[in-house]
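The values are calculated or read from the model by the stated rules, or taken from the named source; none is laboratory data. Every value quoted in this text rests on a predicted model; they were computed, and no experiment measured them. For neighbour counting, all protein chains shown are included, and Cβ atoms are generated from backbone atoms with ideal geometry for every residue, glycine included. With ligands, DNA and RNA removed, areas are computed over all heavy atoms of the protein, side chains included. Shrake-Rupley method; radii C 1.70, N 1.55, O 1.52, S 1.80 Å.
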Amino acid sequence: MKIALLRYTRGEDGRLLITSECTSFEENEGQINSLQDELDEIRERAQRAFQVT
């Protein structure tokens, strides 16, 4: 199993960015929560793939 980014952009300095720019704490929290939801989904798929309980 591999984990790949499906969504990203490049910053002006060439770094890969996985969220849009956050201009408030609430936006930052929303982005973190969204990323965590995606990671939880990946974990669930891995558990099914490897039959881990």
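Binning the C-alpha pair distances of the chain at 10 Å intervals from 0 yields a P(r) profile of 21, 39, 28, 11, 1 %, listed from the shortest bin outward. Taking a point 7 Å out from the Cα of Leu39 in the direction of its Cβ, the residues of segment 1-33 whose backbone N falls within less than 16 Å of it are 3-6, 18-19, 28-33. Annotation note: trypsin sites (Lys or Arg not before Pro) in the chain located in DSSP loop regions with a Cβ neighbour count of at most 11 within 10 Å are Lys2, Arg7, Arg15.
For the chain, the carbon plus sulfur part of the accessible surface works out to 51%, probe radius 1.4 Å. Of the listed residues Glu12, Glu38, the order by accessible area with a 1.4 Å probe, largest first, is Glu12, Glu38.
Suppose the chain between Arg48 and Ser24 were pulled fully straight at 0.36 nm per residue; how much longer would it get relative to their current alpha carbon spacing? Working shown, then result.
Numbers: separation 24, 0.36 × 24 = 8.64 nm, distance 3.67 nm.
Gain in length upon complete extension: 5.0 nm.
Protein heavy-atom accessible surface, 1.4 Å probe, per residue over the chain: 96 Å².
Loop-located chymotrypsin sites (Phe, Trp or Tyr not before Pro) in the chain (DSSP state other than H, G, I, E, B) with a sparse environment of at most 13 neighbouring Cβ atoms within 10 Å: Tyr8.
In deg cm²/dmol, rounded to 500, what helix-only [θ] at 222 nm does the chain give when every DSSP H run of at least 4 residues adds -39500 (n - 2.57) and the total is split over its residues? Write out the running numbers ahead of the final one.
Values: 1 runs with 26 residues, N = 53.
Counting only the DSSP helices, I get -17500 deg cm²/dmol.
Helix 25-50 and the longest principal axis of the C-alpha atoms of the chain enclose an angle of approximately 20°.
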